[in-house]
Amino acid sequence: MSIIIKNLTHVYMPGTPFESIALKDINWEINDGEFWGLIGHTGSGKSTLIQHLNGLLKPTSGEIIIDGVNIREKGVNLKEIRHKIGLVFQYPEHQLFEETVEKDVAFGPKNMGLSDDEVINRVKEALEAVGLNYEKIKDRSPFELSGGQMRRVAIAGVLAMKPKVLILDEPTVGLDPKGRDEILEEIVELKRRYNMTIILVSHSMEDIARLVDKIAVLHKGRLIKCGTPKEIFKDKESLSSIGLDIPQVTHLMYRLKERGIDVPTDVLTVEEAKRAILALVRRKGYA
Amino acid sequence: MAAEIKVENVYFQYSQSKDLALQNINLTIKKGEFVAIIGPNGSGKSTLAKLFNGLYTPTEGEVWVDGLNTKDKDRIWEIRQKAGLVFQNPDNQIVATIVEEDVAFGPENLGLPPEEIRKRVYEALKTVELYEFSQKAPHLLSGGQKQRVAIAGILAMKPDYIILDEPTAMLDPIGRREVNKTIKKLNTEENKTIILITHFMEEAVQADRVLVMEKGNIVMEGSPKDIFSRVERLKEIGLDVPQVTELANGLRAEGLNIRPDILTIEEMVECLCQLL
């Protein structure tokens, strides 16, 4: 399922003294099964942009075409679009509200009018997709779980709607390294197993570099660059000038290069850095 | 009177919980130290932070701040003035609509004369490098700037101890860098004692001492070099090491002659330059 954004502009509070342009002339095409990272400093417009993708916000001008349907046209069923495009907000655990985990995750699919059996199947599948054991957790109150578990339940609530596209706004904020890695692995698995299209909003350049196929860079409400991680992280000066960064190992490679050591600077992960350094060592015959 | 925070045989239990959030914690933090606390979610880090300034008092055991017991209700304001707490979300900590008014909130509540308040606000905003923003509305600032306003608000109370509970969790990379630079400066130039709770191992590396918490206990304690050279143990606890440390470890496993205690890009560059 593709999403095409054409000349999207969004103005907050137009015609008032508080008018501000949040997004300006965005053009972005997201194809079926792609894994995108969306990066930009605080206030660059990331949250505003993703809220357009499932019709929570309407563009001031421009078009959003989802699966061939222009969502601004009259008579478009936005509810259906929201079933196809799942949005996981920042701190999604703040939106948990039911007495039990099972009821909370079931809330979405129930509202879709599915049969009880189908709802239960979906709840099971969604909880298992986020690494939780249905039998063990279904009757517990979501509020007595750990932070990481609460977040997983909240994500399961979105997955139970079986979206084609999953958008996650900083899903790992405040989690410890293990919790962070587990959630990210589960997201990769969702893409692998269901061919889900994923859009991950994150401030962690290390995670983005390691996981996504393509990156979109937002700056002051404009989409200033789209490309593969290697293309995006190649330009460290311009990233740093807009409040972003490159992974720590990439910094290391630049520093080595400055010291006259012949290493590639398009290295993005620890594994790649290791291979590059070992290759150099072997070429020089030290080891 | 001892210039330190001392935690003695502390146990802590939340009223609605059966489990102990902290057990048998013994710890001394000397004035001027920079201590980082790391540990998985739910290991008791934030609970401990709130015990340092008497926001919580121990279920069992004592916490002393410069010789004052945090259970002493008559001295609690003195204790909170000595030990200030900065939280994760800057938006929850800002109370005023103008930056300088926000920073003045604490000293105003201390009942200080106006000229003293003005002086403190000026100095605090200068220290966090936001003086030119003193007339701005906080909501127009970036995340890193807002967090520095929150730090300035604490500084204006002239505390000796500043406890920061995941202050950069919600910030973008540049905001994180700004706040880390400010924290380092508070320690080295203003001689503030820093207790930094963080999930970012790169931040813990800049401390003098690192404490590792797991399930309500302090399970490891030492210099960053001691702690982060124990990669396997940290991973077992569910923690991480900086990327360069992981790389150094991987290269050593391949037989390269690399020091086991590399924590920063600089150290890695030096080590590889000698090798290559």
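Listed values, structure above:
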quantity: Charge dipole (debye, nearest 20) of region A:11-102; +1 at Cβ of Lys and Arg, -1 at Cβ of Asp and Glu; calculated: 380 debye
quantity: Amide H contacts of A:His219 (H built 1.01 Å from N, under 5 Å, at least 5 apart or other chain); calculated: A:Ile224
quantity: Helical contribution to [θ] at 222 nm, DSSP H n ≥ 4, -39,500 (n - 2.57), averaged over chain A, rounded to 500; calculated: -12000 deg cm²/dmol
quantity: Cβ-based exposure ranking for B:Val231, A:Val123, A:Val201, in which fewest neighbours within 10 Å come first; calculated: B:Val231, A:Val201, A:Val123
quantity: Average other protein chain Cβ within 10 Å of Cβ, residues B:171-182; calculated: 4
quantity: Pairs of lysines in region A:1-79 (C-alpha under 16 Å apart; 8 or more residues apart or interchain); calculated: 7
quantity: Prolate/oblate/rounded call for chain B, Cα gyration tensor, a/c under 1.5 rounded; calculated: oblate
quantity: FRET efficiency for B:Ser17 and B:Glu236, using Cβ-Cβ distance with R0 set to 25 Å, rounded to 0.05; calculated: 0.50
quantity: In Hz, Karplus ³J(HN,Hα) per residue of region B:110-120 (6.51, -1.76, 1.60; θ = phi - 60°; x = Gly, Pro); calculated: 7, x, 7, x, x, 5, 5, 4, 4, 4, 5
quantity: Candidate lysines - alpha carbon under 19 Å from A:Lys234, same-chain residues fewer than 8 apart omitted; calculated: A:Lys214, A:Lys225, A:Lys257, A:Lys274
quantity: Nearby lysines by direct alpha-carbon distance to B:Lys71 (threshold 26 angstrom, same-chain neighbours under 8 apart not counted); calculated: B:Lys6, B:Lys18, B:Lys30, B:Lys31, B:Lys45, B:Lys50, B:Lys82, B:Lys158, B:Lys192, B:Lys215
quantity: Rounded to whole Hz, the Karplus (6.51, -1.76, 1.60) HN-Hα couplings of region B:188-201, x for glycine and proline; calculated: 7, 9, 9, 6, 7, 7, 10, 10, 10, 9, 8, 9, 9, 5
quantity: Sum of side-chain charges, A:Glu98 neighbourhood, beta-carbon under 12 Å (Lys, Arg +1; Asp, Glu -1); calculated: 0
quantity: Cα gyration tensor shape for the protein assembly as shown, rounded if a/c is under 1.5, else prolate or oblate; calculated: rounded
quantity: Pair B:Lys119, A:Ser115: separation of 7 Å Cα→Cβ label points (nm); calculated: 7.9 nm
quantity: Proximal charge balance of B:Lys45 [Cβ under 11 Å; K/R count +1, D/E count -1]; calculated: -3
quantity: Low-density loop positions, trypsin sites (Lys or Arg not before Pro), region A:19-104 - DSSP coil, at most 14 other Cβ in 10 Å; calculated: A:Arg72, A:Lys74
quantity: Length-normalised contact order for region A:135-287 - Cα pairs under 8 Å, 6+ apart - percent; calculated: 14 percent
quantity: Segments B:118-131, B:156-169 sorted - mean Cβ within 10 Å per residue, highest first; calculated: B:156-169, B:118-131
quantity: Check: region A:206-286 dipole with +1 on Lys, Arg Cβ and -1 on Asp, Glu Cβ, in debye; calculated: 220 debye
quantity: Unit charges on C-beta of K, R, D, E only; dipole of the protein assembly as shown, Debye; calculated: 840 debye
quantity: Spatially proximal lysines relative to B:Lys136 (Cα-Cα < 16 Å; intrachain offsets below 8 disregarded); calculated: B:Lys126, B:Lys146
quantity: Farthest toward positive dipole pole in region A:1-152 [+1 Lys/Arg, -1 Asp/Glu at C-beta], among A:Leu38, A:Met1, A:Ser20; calculated: A:Ser20
quantity: Residues whose placed amide H lies under 5 Å from that of A:Val88, excluding near-sequence neighbours; calculated: A:Ile167, A:Leu168, A:Asp169
quantity: 10 Å Cβ neighbours from other chains, averaged over peptide A:237-245; calculated: 3
quantity: Summed side-chain charge close to B:Glu236 - residues other than B:Glu236 whose Cβ falls under 11 Å, Lys, Arg +1, Asp, Glu -1; calculated: +2
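All of the numbers you see were taken from the coordinates with simple rules; none came from a lab. As the structure is a computational prediction, the values presented were derived from the model and not from experiment. Note that each Cβ is placed from the backbone with ideal geometry, even for glycine, and that neighbours are counted across all protein chains shown.
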